[in-house]
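To start, the structure itself, in structure tokens.
The values are calculated or read from the model by the stated rules, or taken from the named source; none is laboratory data. Keep in mind that this is a model prediction, so the values were computed, not measured. No Cβ is skipped: glycine too gets one built from the backbone with ideal geometry, and neighbour counts run over all protein chains shown. Protein only, heavy atoms only, side chains kept; ligands, DNA and RNA dropped before computing areas. Shrake-Rupley method; radii C 1.70, N 1.55, O 1.52, S 1.80 Å.
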Amino acid sequence: ECCGASYSITNVEIVQKLSHDILAMARDAGADCIATACGMCQMNLDLRQEEIEQKYGEKFQLPVFYFTQLLGLAFGIEPGALGLQSLVVDPTRLLEEKGLCGAAVSAACGAEACAANCACQHDGMKR
């Protein structure tokens, strides 16, 4: 599905509707996040998610990753080095649930200061 990125400036309502539909389909399918291969989709689904939630009276709270960020996590790159701190919908809880952030990761990476918190904080990841 398309988020309508070409209308991002000229007709925001189209982008909101199309992005809402994508978010709703993902939620209804049981997704806990969305991965995109289009930078504009990533931006619209992440950056506009709160305004879409307000407009449609629905809660999504779905982190939206660019596919290379997920590849980086799979290769063991620290979340902060992947720019995850720049996402509007904070992925920290999801990453902790999946064992990609938190005490287990901090023990593995040797970040002792992070043992009680999110391991990602040592490299700039917000909690």
Exercise for the section: Mind ranking Ile22, Ile52, Ile9 by accessible surface for me, highest first, 1.4 Å probe? Expected result: Ile9, Ile22, Ile52
Fill in the blank from the handout: Under 12 Å by backbone N from the virtual spin label 7 Å along Cα-to-Cβ at Asp32, the residues of the range 61-102 are 63, 92-101
